[in-house]
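Here the structure comes first, spelled out in structure tokens, and everything after it is commentary.
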Amino acid sequence: QVQLVESGGDLVQAGGSLRLSCAASGTIFSINAMGWYRQAPGKQRESVASITTSGSTNYVDSVKGRFTISRDNAEKMVYLQMNSLKPEDTAVYYCAANIKSTRLVVAKDYWGKGTLVTVSS
């Protein structure tokens, strides 16, 4: 079984910073792309940032210049550094990863259970 566990969510004032972490564990042969998604109350889940195995990154326009995604392949971790936070960043943040659990199976997407980020004005 593969698990993704997020941590780092908190209540922070506008303009502040948070760093989210996500740890992958279990039976893992390889990890392809990893990313962060978020879902605000009453809204659909959206992709925030993604990173490939080689380190190429992609961001939604609303967080460019403020958020930075990174990963540690050896530790099977992905991070999201969030600076200059705004109230509209308030959401549950989910980690996702495309993982091959063994050499013989097709990679599939796994999700964490989420961590809550609340930005007060």
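The values are calculated or read from the model by the stated rules, or taken from the named source; none is laboratory data. It should be emphasised that the depicted structure is a prediction, and the values quoted were computed from it without experimental measurement. We place every Cβ from the backbone using ideal geometry, glycine too, and count neighbours over all the protein chains shown. For accessibility, only protein heavy atoms count, side chains too; no ligands or nucleic acids. Shrake-Rupley method; radii C 1.70, N 1.55, O 1.52, S 1.80 Å.
Listed values, structure above:
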item: Descending semi-axes in Å of segment 75-115, equivalent ellipsoid built from Cα gyration tensor; result: 29, 11, 7
item: Choice from 80, 18, 104 with maximal GNM fluctuation in the chain (Cα, 10 Å cutoff); result: 104
item: Model label zone, residue 29; criterion: amide N under 15 Å from point 7 Å along Cα-to-beta-carbon; scope segment 83-121; result: 98-109
item: Calculated FRET efficiency for the pair residue 13/residue 44, C-beta based, R₀ 35 Å, to 0.05; result: 0.85
item: Spatially proximal lysines relative to residue 113 (Cα-Cα < 24 Å; intrachain offsets below 8 disregarded); result: 43, 76, 86, 100
item: Most mobile listed residue (100, 64, 43) in the chain, GNM with C-alpha springs under 10 Å; result: 43
item: Alpha carbon centroid spacing (whole Å) that separates segment 1-64 from segment 89-118; result: 8
item: Residue-level accessible surface for residue 27, protein heavy atoms, 1.4 Å, Å²; result: 70
item: Solvent accessible area, Å² - residue 75, 1.4 Å probe, full protein context; result: 120
item: 15 Å cut-off, amide nitrogen to a point 7 angstrom out along residue 62 Cα→Cβ, residues in segment 105-121; result: 117-120
item: Share of pairwise Cα separations in segment 49-103, more than 17 Å, in percent; result: 42
item: DSSP-assigned coil residues among chymotrypsin sites (Phe, Trp or Tyr not before Pro) in segment 14-119, each with at most 14 further Cβ atoms within 10 Å; result: 29
item: Global form of segment 1-74, assessed from the alpha-carbon gyration tensor, a/c cut-off 1.5; result: prolate
item: For segment 11-121, convex hull of alpha carbons as volume per residue, Å³; result: 100
